[in-house]
Amino acid sequence: MRNIPLLKGDNLFQGNELIYINRSDELQDYNGVMHKHDFIEIAYVIEGEGIHAVGDSRYEVSRGDIVIINYDIPHAFLPKEGRKTLPVVYNCAFKPEFLDASLISSSHFEDITSSFLLKSLFPEDFAPGPDIKLKDADFNEVGEIFRKMYTEYKLKKKGCYLILRAHLIELVVKIFRYMEKESKSKAVNRNSLIVESAVEYLKSNYNTDVKLEDIALQSFISKNYFSRLFKEITGINFSDYVQKLRISEACRLLKETDMKIVDIASSVGINDIKFFYKVFRKVTGKTPGDYRK
């Protein structure tokens, strides 16, 4: 796929508050343009109709449709063929950290959020279409939440972010209720899918400062719950899995290149050379020098 522009939350969020609310016709640079972002987005179609492109998939959207877009997922709202008008969409962009940490860690909220992002995490496993289609009273109920969030964000009166947090929690819980009502079967394999997604991410990012709590937040579950799931499904704890990936790549570099050991350690994400030697011996039973020989 061609290079997709990345919309960063740092360019949208104000101060230290990790939330941004708008209508789609207010962000012209990305309206109708394929893009991805480093935050979660809940989009709600309030007027018109069009096409929602997600990766290589396309499907029609209209008034009352909700779509949930996770980190790094290319997407765009586009006009229908032969038309120029785009659907009008309320967008709620946020990072999970905006929510109360004690709430995310609660067992009740884990049950809700382990299903919340399932389709946006694994769009290829579902038929293309909106996450939720609302009508009549449900449309008005969710529309009212978005309207209040939008107004609160625009006016920015004292305490507005506390109110926005409360509205966002209400929105997330109601969305889960709708999703659960539509089909409970979609969540059957959610835990293994969440861990599989994390493993794929780690394979591409093991050399960065990857942290368990960051990946857990992207999946909208607590650090402890994610840690338990990861070990249950992979048979190894998170930190050991990351170290094995790093040492596996270090072994390849020792065999195939003339790089200095200190440079190899740095390239696989370990900047403390003493720690690198310790982990390398733990995983391989040898020192890097002995392995290279």
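The values are calculated or read from the model by the stated rules, or taken from the named source; none is laboratory data. These figures come from a predicted structure and were not determined experimentally. Here the Cβ positions follow ideal geometry from the backbone for every residue, glycine too, while neighbour counts run over all protein chains shown.
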Is it true that some residue in the range 125-136 is in a strand (DSSP E or B), outside the structural domain of I194 (by TED's automatic domain parsing) and either modelled with pLDDT of 85 or more or among the basic types (K, R) (or both)? yes
Looking at P87, P96, which is the one that is at pLDDT 75 or above and within 18 Å of I194 (Cα to Cα)? P96
Is it the case, given these coordinates, that V195 is among the β-branched types (V, I, T), in a helix (DSSP H, G or I) and within 22 Å of N70 (Cβ to Cβ)? yes
Which numbered condition trips up D65, out of (1) closer than 21 Å to Q218 by Cβ; (2) modelled with pLDDT of 90 or more; (3) not basic (K, R)? (1)
Within the bounds of the range 244-258, is there any residue that is under 25 Å from the mean Cα position of the chain (by Cα) and free of Cβ contacts under 8 Å to residues at least 40 places away in the same chain? yes
Flag for Y277 being without any contact (Cβ under 8 Å) to a residue 24 or more places away in the chain, surrounded by 13 or more Cβ atoms within 10 Å (Cβ to Cβ) and not small (G, A, S): yes
Exactly one of S222, S266 is among the small types (G, A, S), under 22 Å from the mean Cα position of the chain (by Cα) and either modelled with pLDDT of 90 or more or under 30 Å from P96 (Cβ atoms) (or both), and that residue is S222
In the range 198-237, anything assigned to a loop (DSSP other than H, G, I, E, B) and among the polar types (S, T, N, Q) is listed as N207, T208, S219, S222, N237
Residues in the range 39-49: is at least one over 20 Å from the mean Cα position of the chain (by Cα) and closer than 15 Å to K8 by Cα? no
Qualifying positions in the range 7-24 - surrounded by 12 or more Cβ atoms within 10 Å (Cβ to Cβ) and outside any loop (DSSP other than H, G, I, E, B): L7, G9, I19, Y20, I21, N22, R23, S24
Which of the numbered conditions does D214 fail, given that it passes all the others? Conditions: (1) at pLDDT 80 or above; (2) assigned by TED's automatic domain parsing to the domain that holds L229; (3) in contact with a Phe, Trp or Tyr (Cβ under 9 Å, 6 or more places away or on another chain). (3)
Please work out which one of (1) assigned to a helix (DSSP H, G or I); (2) closer than 29 Å to E41 by Cβ is the condition D240 fails and give its number. (2)
All-but-one check, G32 against (1) closer than 29 Å to Y161 by Cβ; (2) in a loop (DSSP other than H, G, I, E, B); (3) touching a Ser or Thr at 6+ places or on another chain (Cβ under 9 Å), failing number (1)
Picking from Y30, Y71, Y44, the residue that is at pLDDT 90 or above and hydroxyl-bearing (S, T, Y) would be Y44
Assuming E47 fulfils every condition listed in (1) touching a residue at least 40 places away in the same chain (Cβ under 8 Å); (2) in contact with a Leu (Cβ under 8 Å, 6 or more places away or on another chain) apart from one, which condition is it? (2)
